[in-house]
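> Quick one: the structure is below, questions incoming.
The values are calculated or read from the model by the stated rules, or taken from the named source; none is laboratory data. Predicted model only: the values in this text are computed from it and were never measured. Please note: Cβ atoms are built from the backbone with ideal geometry, for glycine as well, and neighbour counts cover all protein chains shown.
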Amino acid sequence: MPNINPLDLAVGIPSYNEADNIEFVVRQVAAGLAKYFPHLNTVIVNADNFSQDGTKEAFMAANSGRIPKVYLSTPAGVKGKGNNFKNLFNYLLPYHPKAVIVVDADLRSIQPEWIRHLGQTVFKGFDFVTPLYCRNEYDGTITNHLCYPLLYSVLGSDIRQPIGGEFAFSGRLLKHWMRQDWGENVLQYGVDILMTSEAVLSGFSLAQVALGSKIHKPSAPKLGKMFTQVVDTLFGQLSGSNWKQNMRRPQAPPVIAYNKRRVEQPQSLSIDYKALKQKALEEFSTHQTLVLEILPQEQASKIEEMFQRKIFRISAAAWADIVYSFLAVYAAQSDRDQQLRIVEALKPLYFARTVSFIWETLELDHVGSERKLVQQAQTFWEHRYTLLESDSAAA
């Protein structure tokens, strides 16, 4: 690598089969580094999952001017975003970077200014910088219905996009993350929520940066392993905290809006409502016994009837109570396999809540829907007594 030791600023781009877009992202990143950080030692690093679609070739061919580029890859067959991050972090540690920015390889709305805003905020003294997007209300359902409200209520941290994909952090926080235990799910999609919750729990300084609209490859509510990996990691982090002492009135990290231009419109996203309902029914059929064991009797009866009627109307208040019941049982459980079964059993209710939210917001615009999501997080805070009561019952 060229003379970049010590390294001032690195930009990491995790990827898996992103040959169609990564060149665009590299050009935007390089333009941002050249324009706003020309005096610094910088590098762009692609942390790949051994893509076979030409991602490496597209990355190396991208014009980055004088900014050096480095390609890293996990071994063949080793997948997972967390594996990419661990590969990236291990590579950067010997260079003692002052700041690191991470952006997704599928971004279509990234601009050079994103690099400026994320990087400058770290150089102002913040350890962890998360994004604020204008984002479709049905994009990021795990964030909207689990990560955001739980960090808000249990950890008292009003971080709107705790697993947003674009973020920045200090070298000090990088070293802290590398001292943590990266379990199997963290090496997959659980890595983002581990990093955010660790930053909050360990008292690092946080900020949020307004970036505008996020446009990327659209994704419906995750039907595969992502739900399990993220929720298991989050539940594990929360279980390790002392929520009886840590619960405090939620506070938002400072929001830094470098660009005060007009509010942008979010990316359009189509949702298969019927497929979500069907998935909820299938998952409930598989996990019904455990679901009804975990929930209090009155709530269990309502949920059972709801699934029998195939009409899902889980309110924000009911959802908060459901999640808290599952979290308390998870935290009281020492058997690892049973913890994972508990997370899986929450999945049908997550799909049912997603369906309910779509039904609630059909006549609302993006602003109204976003207001509903913020109100849901506030409802989690108002219902925190449910977690404390469930915790005592499960102990």
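> Please find, among Lys302, Lys279, Lys274, the residue that is assigned to a helix (DSSP H, G or I) and either in contact (Cβ under 8 Å) with a residue 40 or more places away in the chain or not basic (Lys, Arg) (or both).
Just a single option satisfies the conditions, and that option is Lys279.
> Here are some residues: Phe307, Phe357, Phe312, Phe326. Which one is outside the structural domain of Gln251 (by TED's automatic domain parsing), not small (Gly, Ala, Ser) and not in a helix (DSSP H, G or I)?
Just a single option satisfies the conditions, and that option is Phe312.
> Now for a different question. State yes or no: is Val343 surrounded by 17 or more Cβ atoms within 10 Å (Cβ to Cβ) and either outside the structural domain of Val154 (by TED's automatic domain parsing) or part of a helix (DSSP H, G or I) (or both)?
yes
> Pick from Ile115, Ile142, Ile159: which is touching a residue at least 40 places away in the same chain (Cβ under 8 Å), outside any helix (DSSP H, G or I) and either touching a Cys at 6+ places or on another chain (Cβ under 6 Å) or not basic (Lys, Arg) (or both)?
Ile159
> Give Ala328, Ala320, Ala300 a once-over and let me know the one that is in contact with a Phe, Trp or Tyr (Cβ under 6 Å, 6 or more places away or on another chain) and of a type in the set (Gly, Ala, Ser). Even if it seems obvious, please write down each step before you answer.
Values: Ala328 fails: in contact with a Phe, Trp or Tyr (Cβ under 6 Å, 6 or more places away or on another chain); Ala300 fails: in contact with a Phe, Trp or Tyr (Cβ under 6 Å, 6 or more places away or on another chain).
Just one listed residue meets the conditions, Ala320.
> Considering only residues of region 283-299 that are touching a residue at least 24 places away in the same chain (Cβ under 8 Å), hydrophobic (A, V, I, L, M, F, W, C) and in a helix (DSSP H, G or I), which is surrounded by the fewest Cβ atoms within 10 Å (Cβ to Cβ)?
Leu290
> Here is a follow-up. Within region 253-287, track down each residue that is in contact with a Lys or Arg (Cβ under 8 Å, 6 or more places away or on another chain) and modelled with pLDDT of 80 or more.
Lys277, Leu281, Glu283, His287
> Residues of region 96-128 being farther than 17 Å from Ser205 by Cβ and basic (Lys, Arg), which ones?
Those that are farther than 17 Å from Ser205 by Cβ and basic (Lys, Arg): Arg108, Arg116.
> Tell me which residues, restricted to region 67-101, are under 18 Å from Asn17 (Cβ atoms), touching a residue at least 40 places away in the same chain (Cβ under 8 Å) and touching a strand residue (DSSP E or B) at 6+ places or on another chain (Cβ under 8 Å).
Matches in region 67-101: Lys81, Asn84, Phe85, Asn87, Leu88.
> Right, another one. Out of the residues in region 58-106 that are among the basic types (Lys, Arg) and part of a loop (DSSP other than H, G, I, E, B), which is nearest to Leu132 (Cα to Cα)?
Among them, the one singled out is Lys98.
> Continuing with this model, one more query. State all residues of region 185-217 that are under 17 Å from the mean Cα position of the chain (by Cα) and in a loop (DSSP other than H, G, I, E, B); if no residue qualifies, say none. Before you say what the answer is, go through the steps one by one.
Taking region 185-217 and keeping what is under 17 Å from the mean Cα position of the chain (by Cα), we get 185-201, 206-211, 213-217.
Residues satisfying the conditions are Asn185, Val186, Leu187, Gln188, Tyr189, Gly190, Lys214, Ile215, His216, Lys217.
> Right, another one. Suppose we keep only residues that are part of a loop (DSSP other than H, G, I, E, B) and either under 24 Å from the mean Cα position of the chain (by Cα) or acidic (Asp, Glu) (or both) within region 46-57. Which one would you say is surrounded by the fewest Cβ atoms within 10 Å (Cβ to Cβ)?
Asp53
> Okay, next question. Out of region 308-320, which residues are surrounded by fewer than 22 Cβ atoms within 10 Å (Cβ to Cβ) and touching a residue at least 60 places away in the same chain (Cβ under 8 Å)?
Across region 308-320, the qualifying residue is only Ala317.
> Among the residues of region 13-26 satisfying the criterion of being surrounded by fewer than 24 Cβ atoms within 10 Å (Cβ to Cβ) and closer than 16 Å to Ile110 by Cβ, which is nearest to the chain's Cα centre (by Cα)? Write out each step before concluding.
Kept after step one, since they are surrounded by fewer than 24 Cβ atoms within 10 Å (Cβ to Cβ), are these residues of region 13-26: 16-17, 19-21, 23-24.
This time we only want the ones that are closer than 16 Å to Ile110 by Cβ, so: 20-21, 23-24.
Numbers: Asp20: 23, Asn21: 21, Glu23: 24, Phe24: 23 Å.
Taking the candidates together, the pick is Asn21.
Matching residues to (1) at pLDDT below 95; (2) surrounded by fewer than 19 Cβ atoms within 10 Å (Cβ to Cβ):
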site: Arg336; (1), (2): no, yes
site: Ser356; (1), (2): no, no
site: Ser369; (1), (2): yes, no
site: Arg384; (1), (2): yes, yes
site: Glu389; (1), (2): yes, yes
site: Ala394; (1), (2): yes, yes
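> Check Val29, Val70, Val100, Val43 and return the single one that is β-branched (Val, Ile, Thr), over 21 Å from Ile193 (Cβ atoms) and within 23 Å of the chain's Cα centre (by Cα).
Going through Val29, Val70, Val100, Val43 in turn, the sole match is Val29.
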